[in-house]
Amino acid sequence: MAIKENLAYIEKLKGEAAVRSGRKAEDVLLCAVTKTHTVDEINEAIDCGVTDIGENKVQEIMDKYEYVKPGVKWHLIGHLQTNKVKYIIDKVDMIHSVDSLHLAKEIDKRAKAHDLTMKILVQVNSAEEESKFGVTVDETRQLLMDILEQCENIQICGLMCIAPFEEDVDDARPFFAEVKKLYDEYQKIEHPRLDFKYLSMGMSNDYIVGIDEGANFVRVGTGIFGKRDYSK
């Protein structure tokens, strides 16, 4: 299938999952993950209606940024090293993978230098997998408090979670559900720099389960563009 047909199919499944969970299709935002994919492929997806694209690596944003059609929102969804924040601070709409106060402070410093407020998500590693980045559920509360107290140029917009890869995607539900509880807790808190709009859970293999468990932001790459070619 071509990108257009893939997107239509994903939108159909996404919409059905949203309705099952008591929401509308448009309540769940689709982010097209463009890791290793070409500018032509990205622009084709934009022509087909994609409004948000996610990159895992700073270098890929730098390489593609000026060639991708304007108007699309960029998201940094992969692990971010502090020494690379300066390269993308004025290019991305949101950083999804904040997992330490050290990184938040660097984002805050760079955002202040550019006279902007950077939107972020805190990455929660609810399964506590050693192979994945993110803070534990217990650590999340302290990190949120520290960022609010010490980072004036950051707006915390919610949480992001990557569940363990499971052969049976239903096995990911408890890890998503735990993050949803935390999201609901902080969505009720009023603070000028706390605006819990996004719960980012689910990728190509498990985005339906993510939506079932409350996600309103899903990150899909392979499902849109096909398998990645890492030799490029």
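The values are calculated or read from the model by the stated rules, or taken from the named source; none is laboratory data. What you see is a predicted model, and the numbers here were worked out from it, not measured in a lab. Neighbour counts are summed over all protein chains in view; Cβ atoms, including those assigned to glycine, are modelled from backbone coordinates with ideal geometry. For accessibility, only protein heavy atoms count, side chains too; no ligands or nucleic acids. Shrake-Rupley method; radii C 1.70, N 1.55, O 1.52, S 1.80 Å.
Details
- Site pair Glu185 and Asn43 shows an inter-label distance of 4.7 nm when each label is modelled 7 Å from Cα along Cα→Cβ.
- Assigned charges on the beta-carbon of Lys, Arg, Asp, Glu; the chain dipole about Cα centre (debye): 620 debye
- Candidate cross-link partners of Lys105 among the aspartates and glutamates, defined by an alpha-carbon separation under 14 Å and a same-chain spacing of 8 or more, comprise Asp146, Glu149, Glu152.
- When Asp27, Asp146 are compared by accessible area at a 1.4 angstrom probe, the order from most to least is Asp27, Asp146.
- Applying 0.36 nm per residue to the separation of Leu194 and Asp168 and subtracting their alpha-carbon distance, the gain on full extension is 5.9 nm.
- Solvent exposure ordering (accessible area, 1.4 Å, most first) of Phe225, Phe175, Phe165: Phe165, Phe175, Phe225
- Amide N proximity, segment 83-102 versus His114 label position 7 Å along Cα-to-Cβ, cut-off under 15 Å: 83-97
- Across segment 104-118, computed HN-Hα scalar couplings (Karplus, 6.51 cos²θ - 1.76 cosθ + 1.60, θ = phi - 60°) run 4, 5, 5, 4, 4, 4, 5, 5, 4, 5, 9, 6, 9, 10, 8 Hz from first to last residue, x flagging Gly and Pro.
- With R₀ set to 30 Å, the beta-carbon distance separating Lys12 from Glu139 gives a calculated FRET efficiency near 0.20.
- Difference of contour (0.36 nm per residue) and Cα-Cα distance, Ser21 to Glu5: 3.3 nm
- Accessible carbon and sulfur surface of the chain relative to its total accessible area, %, 1.4 Å: 48 percent
- Each of Ala2, Val39, Ser21 was placed along the dipole of segment 1-72 (beta-carbon charges, centred on the mean Cα), and the one lying farthest toward the positive end is Ser21.
- Filter on Lys69/Lys112; Lys35/Lys132; Lys132/Lys181; Lys4/Lys69; Lys12/Lys119; Lys4/Lys91 - keep pairs with C-alpha separation over 24 Å: Lys69/Lys112; Lys12/Lys119; Lys4/Lys91
- Amide H contacts of Ser97 (H built 1.01 Å from N, under 5 Å, at least 5 apart or other chain): Leu121
- Toward the positive end of the charge dipole of the chain, with +1 on the Cβ of Lys and Arg and -1 on the Cβ of Asp and Glu, the farthest Cα among Thr140, Gly214, Gly71 is that of Gly71.
- Shape class of segment 99-153 from the Cα gyration tensor (axes a ≥ b ≥ c, square roots of the eigenvalues): prolate, since a/c reaches 1.5 or more and a/b is larger than b/c.
- Charge dipole (Cα centre; +1 on Lys/Arg Cβ, -1 on Asp/Glu Cβ; no other charges) of segment 4-48 amounts to roughly 340 debye.
- Residues of segment 4-90: accessible area per residue with a 1.4 Å probe, Å²: 51 Å²
- Only helices enter this figure: runs of n ≥ 4 DSSP H residues, each worth -39500 (n - 2.57), summed and divided by the residues of the chain, yield -11500 deg cm²/dmol at 222 nm to the nearest 500.
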